[in-house]
1. Any residue in the range 153-179 that's more than 15 Å from Ile200 (Cβ to Cβ): show its pairings with residues that are outside any strand (DSSP E or B) and of a type in the set (A, V, I, L, M) at Cβ separation under 6 Å, as long as the two are six or more apart or on different chains.
2. Among the residues of the range 27-50, is any out of contact with any Asp or Glu (no Cβ under 6 Å at 6 or more places or on another chain), buried (at least 16 other Cβ atoms within 10 Å of the Cβ) and under 24 Å from His153 (Cβ atoms)?
3. Has the range 113-130 got at least one residue that is aliphatic (A, V, I, L, M), within 24 Å of Gly77 (Cα to Cα) and buried (at least 19 other Cβ atoms within 10 Å of the Cβ)?
4. Which is farther than 28 Å from Ser92 by Cβ, modelled with pLDDT under 85 and not in a helix (DSSP H, G or I), of Lys285, Lys276?
5. Can you tell me which residue in the range 4-21 is nearest to Ala314 (Cα to Cα), limited to those that are of a type outside the set (A, V, I, L, M, F, W, C) and buried (at least 17 other Cβ atoms within 10 Å of the Cβ)?
6. Answer yes if at least one residue in the range 123-140 is in contact (Cβ under 8 Å) with a residue 24 or more places away in the chain and touching a strand residue (DSSP E or B) at 6+ places or on another chain (Cβ under 8 Å), and no otherwise.
7. Could you tell me how many of the residues in the range 57-75 are closer than 12 Å to Ala85 by Cβ, of a type outside the set (Lys, Arg) and surrounded by fewer than 21 Cβ atoms within 10 Å (Cβ to Cβ)?
8. Can you name the condition, by its number, that Thr321 falls short on among (1) among the hydroxyl-bearing types (Ser, Thr, Tyr); (2) at pLDDT below 75; (3) surrounded by 18 or more Cβ atoms within 10 Å (Cβ to Cβ)?
Amino acid sequence: MKPLITFLNIEDSWEIEYLKNRLNGHHYIKHFKEPAEHVIEQIKETEILSIFVNSNVNKKVIDSLPNLKLITTRSTGFDHIDLDAARQRNISVSNVPTYGENTVAEHTFALILALARNLKKAQNKTSKGDFSIKDLIGFDLKGKTIGVIGTGHIGLRVIKIAVGFSMNVLAFARRPNQFLAEVMGFKFADLDTILKESDIITLHIPQTKETRHLINKDNINLVKKGTIFINTSRGGLIDTDVLIKALDEGIFSGAGLDVLENEDVILKDKQLLLSKKKELYSPEKLKLMLKSGFLLQRDNVIFTPHSAFYSKEALQRILDTTIQNIESFSEGRTINSVC
């Protein structure tokens, strides 16, 4: 009997056709646009579950799927999966370690350039018939210092682009590679130094218990006035209250965000309001949703809906690696394992 694979958070029809063409001979496939918690009853027989970051695969979801053997996330990050619950059931978990270092890095610089040249403000002015350049003065990237927090595949690609813009690059990593720094033309520094000396700060690390609220009320005042803040990694790396404070006080002159703290709630406010699930109505989540809503209305905040990865080429690489994860598991070996 063919094992059942369920693909969740699938929006584009070409993705489904691609997956079916590659996997249908050896597997039975179901697919849904919705996240895991919304389709539990329809996927109870699933043996292999493929998800994206907007599926919260917690202990309740895992316990609801008695036949589950593999969770493969179509992302590098896996903080949306309860690894402890998976281990208790001997469920393997795999990810896509690298697929879009250039994709996310290019998006990072799209946000940087948009803020450096006040594109949102310019768009808002001209859409109202105001074609003056008052308050639209920007700045050059050449000679500015960019602080890159995290030197994985994406962080290193950001550094390479920054060097191409003739920027000074400081980088933070838990295990600095000095040879790499010398070859690529950047310097490693501790976190406090990066916060103090950078004109632009950009985050490229996973969110873990250790990195949650890495930028917080205790270190935000180290940042020099007028710094630009970029986050294409995970929203919880900065405390939302601290981000708002930094923008209010001019510590950050602008922010380019592809992610928000607890974005699963914020980006689904309509579902939240219509839902009968009491836990979604927690005061903390509602408060965060309102704060983030006000945050995104600012002229100096540019937000994209977790789409930094979203290019045709990156999606192709994600699907190919996911297929490899599934096929390898079916052959009795696990690759790209995180659990």
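1. From the range 153-179, the pairs are Ile154/Val104; Ile154/Ala105; Arg157/Ala105.
2. Among the residues of the range 27-50, at least one is out of contact with any Asp or Glu (no Cβ under 6 Å at 6 or more places or on another chain), buried (at least 16 other Cβ atoms within 10 Å of the Cβ) and under 24 Å from His153 (Cβ atoms), which makes the answer yes.
3. No, the conditions are met nowhere in the range 113-130.
4. The conditions single out Lys276.
5. Within the range 4-21, the subset of a type outside the set (A, V, I, L, M, F, W, C) is 6, 9, 11-13, 15, 17-18, 20-21.
Keeping just the survivors that are buried (at least 17 other Cβ atoms within 10 Å of the Cβ) gives 6, 9, 15.
Numbers: Thr6: 21, Asn9: 16, Glu15: 12 Å.
Across the range 4-21, the extreme among qualifying residues is Glu15.
6. Going through the range 123-140, the residues in contact (Cβ under 8 Å) with a residue 24 or more places away in the chain turn out to be 124, 140.
Subsequent filtering for residues that are touching a strand residue (DSSP E or B) at 6+ places or on another chain (Cβ under 8 Å) retains none.
No - not one qualifying residue is present in the range 123-140.
7. Kept after step one, since they are closer than 12 Å to Ala85 by Cβ, are these residues of the range 57-75: 57-65, 68, 71.
From the residues that got through so far, the ones that are of a type outside the set (Lys, Arg) too are 57-58, 61-65, 68, 71.
Subsequent filtering for residues that are surrounded by fewer than 21 Cβ atoms within 10 Å (Cβ to Cβ) retains 58, 63-64.
Residues flagged as closer than 12 Å to Ala85 by Cβ, of a type outside the set (Lys, Arg) and surrounded by fewer than 21 Cβ atoms within 10 Å (Cβ to Cβ) within the range 57-75 amount to 3.
8. (2)
The values are calculated or read from the model by the stated rules, or taken from the named source; none is laboratory data. Just so we're clear, the structure is a prediction, and the values are computed from it rather than from any experiment. Here Cβ is always computed from backbone atoms with ideal geometry, including for glycine, and neighbour counts include all displayed protein chains.
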